[in-house]
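The values are calculated or read from the model by the stated rules, or taken from the named source; none is laboratory data. Not measured: the values here are computed from a predicted model. Please note: Cβ atoms are built from the backbone with ideal geometry, for glycine as well, and neighbour counts cover all protein chains shown.
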């Protein structure tokens with residue numbers, strides 16, 4: 001990013017909470033990987049698979065570098081480009097820093113990965129931008145559902161996503177996504193007739209997934225188990241030798 005900014009003269013803008021993370025990219029990327037490894041260990045992903053994921057992540061990190069942020073964006077503030085004004089909205093869930101930009105005059109939203117028409121954005125369990133303990137991890141799906149409900153209330157004609165075709169009925173899409181997550185939570189509840197780790201649930205749901213998908217599917221299961229636990233849907237967590245298993249209560 002910094003190379004592009006230096007060569008083009010572009011101004012680098014980032015969410016206020018993300019600025020310090022970007023300026024210490026390598027250090028924070030390593031802390032993120034350590035956080036993810038601890039979450040995976042806690043929830044039953046074997047050592048060899050965790051090692052493979054760490055290798056893949058390290059390769060991707062090689063494409064990144066620290067960047068100097070010129071403008072820190074505060075939710076509710078505006079970015080003005082000639083004849084257009086974009087209002088900044090923080091929409092955590094898919095990641096802690098997900099940000100969307102609204103052109104209220106044109107009823108348009110730059111949505112990034114927050115809303116995608118052809119696929120549901122994964123609520124990835126991520127280390128908070130300000131740091132945190134893996135045993136007190138964020139509830140990513142809960143945050144994502146709350147963010148989608150905020151977006152649902154916006155008056156929009158079109159959402160321009162980071163992938164795929166424009167979304168022209170964001171309220172229907174949000175409603176569809178919420179129903180999908182409710183169905184998935186109910187399916188997982190039925191699978192907890194005996195104690196299982198989140199990884200065991202993910203393996204039962206999606207089979208022998210690729211190494212690159214293991215953390216994504218783990219995050220998906222943890223998000224839905226979080227919903228069940230918060231709603232008191234007869235699910236309990238049991239810690240055994242540093243590994244958490246979930247089961248239907250009783």
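Points worth noting:
- Given (1) closer than 24 Å to residue 180 by Cβ; (2) surrounded by fewer than 16 Cβ atoms within 10 Å (Cβ to Cβ); (3) at pLDDT 95 or above, number of the condition residue 197 does not satisfy: (2)
- If you go through the stretch 204-218 and keep only what is out of contact with any helix residue (DSSP H, G or I) (no Cβ under 8 Å at 6 or more places or on another chain) and surrounded by 15 or more Cβ atoms within 10 Å (Cβ to Cβ), you end up with just 216.
- Top-ranked residue of the stretch 47-92 - restricted to ones that are touching a residue at least 60 places away in the same chain (Cβ under 8 Å) and assigned to a strand (DSSP E or B), ranked as nearest to residue 201 (Cα to Cα): 90
- Count - residues of the stretch 95-114 that are on the phi > 0 side of the Ramachandran plot and surrounded by 20 or more Cβ atoms within 10 Å (Cβ to Cβ): 1
- Residue within the stretch 162-175 that is part of a loop (DSSP other than H, G, I, E, B), within 22 Å of residue 36 (Cα to Cα) and within 21 Å of the chain's Cα centre (by Cα) present: no
- Of the criteria (1) over 22 Å from residue 17 (Cβ atoms); (2) at pLDDT below 95; (3) surrounded by 15 or more Cβ atoms within 10 Å (Cβ to Cβ), which one residue 43 fails: (2)
- Checked against the criterion of being under 30 Å from residue 86 (Cβ atoms) and surrounded by 12 or more Cβ atoms within 10 Å (Cβ to Cβ), the candidates 221, 235, 159, 225 yield just one match: 159.
- When the stretch 1-40 is filtered for residues that are touching a strand residue (DSSP E or B) at 6+ places or on another chain (Cβ under 8 Å) and part of a helix (DSSP H, G or I), the ones remaining, listed by number, are 19, 22.
- Boolean, residue 44 is on the phi > 0 side of the Ramachandran plot and either within 21 Å of the chain's Cα centre (by Cα) or part of a helix (DSSP H, G or I) (or both): yes
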